[in-house]
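> Right, I'll just put the structure down here and ask away after.
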Amino acid sequence: MKTKPTASKMVWALPALLLVICAVFLVSKVRGEIAPATNVDLDMFTQPRDQEDPEPRPEIVREYYESGDVKSVFRLRDGRRTGKAFHFYMTGDLRKVETWRDDVLHGTFATFHPGGGIASHGSMIEGRVHGAVDFFKEDRSLKYVEFYEEGICSGRQYH
């Protein structure tokens, strides 16, 4: 029996959609569909330095597989991870996007199947999964939803 979408599911729909759009754009840049992978300009993920904001611009960090392919891209501010971090399979496909704040996972995350479809998405609060986490099959249909409160799973609903 299908249930109507609950408010908690609908709250995550827009952030998850924005996360997927951003991830697809970045994957296409890394694959060279928008720009060659060697010329990927990830400065678009840094905040422009404002005259009233004395904080230094975050440093873009890129990690690579031994093959030379991009493994992950993230930002550091004062040696701490901040903002979106992107992780890739060796094939170049997007594997995971996560949000960091002061070196702690905090915000939306999404994982992806090797073929490119979304595998899961949800939210973290201070390093712990919180709220509804949607899991998808490779055909992009909803498989199940898990519900978390401060990192503890309180239930699962299959679809």
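> Say a paramagnetic label sat at a point 7 Å from the Cα of M90, along Cα to Cβ; which residues of segment 103-134 have their backbone N under 16 Å from it?
Once the point is set 7 Å along Cα→Cβ of M90, 114-115 turn out to lie under 16 Å by backbone N, inside segment 103-134.
> Could you give each residue of segment 66-77 its phi-based ³J(HN,Hα) in whole Hz, using Karplus coefficients 6.51, -1.76, 1.60 with θ = phi - 60°, and x for Gly or Pro?
Values per residue, Gly and Pro as x: 4, 6, x, 6, 5, 9, 7, 9, 8, 10, 10, 10 Hz.
> Residue by residue through segment 105-116, what is 3J(HN,Hα) from phi via Karplus (6.51 cos²θ - 1.76 cosθ + 1.60, θ = phi - 60°)? Round to whole Hz and write x for glycine and proline.
After applying 6.51 cos²θ - 1.76 cosθ + 1.60, I find 5, 7, x, 6, 9, 8, 10, 10, 5, x, x, x Hz.
> Same structure, new question: Once both labels are modelled 7 Å past Cα along the beta-carbon direction, what's the R57-Q157 spacing in nm?
For R57 paired with Q157, the spin-label model returns 4.5 nm.
> Ok, one more. Mind listing the long-range amide H neighbours of F109? Cut-off is under 5 Å, sequence gap 5 or more, other chains count too, H placed in the peptide plane at 1.01 Å from N.
Under 5 Å from the amide H of F109 lie the amide H atoms of G122, S123, M124, each far enough along the sequence or on another chain.
Read-outs throughout are calculated quantities, based only on the coordinates presented, and are distinct from any laboratory measurement. As the structure is a prediction and not an experimental result, all values here were calculated from the model. Note: ideal-geometry Cβ built from the backbone for every residue, glycine included; neighbour counts use all protein chains shown.
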